[in-house]
Amino acid sequence: MNYLQHLAAAFLAAHAMNFFLKIPWTPQLAAAVFLGAILADVDHSKTKIFKFLVAAAAASVFAIAYTANLGVLISTAAGIATAAAVFLLKPKHRSVTHSWVAVLAYVVLLFVLTRNIRVSLNGFAGYAAHLLLDSKTSGFYFKRK
Ligand SMILES: [Zn+2]
């Protein structure tokens with residue numbers, strides 16, 4: 001599944017839930033659904049969210065090192081090392097980020113950050129839709145090991 005299919009399924013699921021619970025859409029809810037729909041694929045090096053994470057981590061480390069007066073060369077090396085570390089430490093595709101534990105962690109994190117159960121519910125809808133859609137293409141969630 002590509003991210004557009006995940007986004008479509010997530011917003012459809014969230015819209016159905018919001019319709020039945022009479023929850024009006026807000027930008028905050030849409031953001032929770034959007035991130036929930038694509039966050040699971042942060043474990044795949046070809047996804048937009050993984051590339052964004054690598055770039056953000058490398059840029060952040062570069063900026064921190066540069067503002068600490070480490071110089072351009074060392075700061076650049078630290079940024080490149082960070083990108084390499086994120087790439088090497090990335091979990092196997094469809095492992096931990098594609099688990100119901102990850103869904104729970106995302107939902108709890110949203111609640112801790114926003115203190116808004118509607119945001120958590122919409123985050124749940126987005127992330128759960130991702131897992132359910134992936135399970136239709138591989139069936140791995142419901143396999144017994
Ligand atoms: Zn996925």
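The values are calculated or read from the model by the stated rules, or taken from the named source; none is laboratory data. No experiment lies behind these values; they were computed from the predicted model shown. All Cβ positions, even for glycine, are placed from backbone atoms using ideal geometry, and neighbour counts span all protein chains on display.
Brief remarks follow.
- Boolean, T114 is under 30 Å from P24 (Cα atoms), surrounded by fewer than 20 Cβ atoms within 10 Å (Cβ to Cβ) and in contact (Cβ under 8 Å) with a residue 12 or more places away in the chain: yes
- Tally, over the stretch 36-74, of residues that are hydroxyl-bearing (S, T, Y) and within 16 Å of the ligand (Cβ to nearest atom): 2
- Exclusive hit being more than 25 Å from K22 (Cβ to Cβ), of a type in the set (G, A, S) and at pLDDT 95 or above, set A84, A105: A105
- Per-region count, the stretch 1-27, residues within 14 Å of G126 (Cβ to Cβ) and either in contact with a Ser or Thr (Cβ under 7 Å, 6 or more places away or on another chain) or of a type in the set (F, W, Y) (or both): 4
- Close Cβ contacts (under 9 Å, 6 or more residues apart or on different chains) running from residues in the stretch 119-137 that are more than 11 Å from the ligand (Cβ to nearest atom) to residues that are assigned to a helix (DSSP H, G or I) and among the polar types (S, T, N, Q) comprise V119/Q28; S120/T114; L121/N18; N122/N18; N122/Q28; A125/N18.
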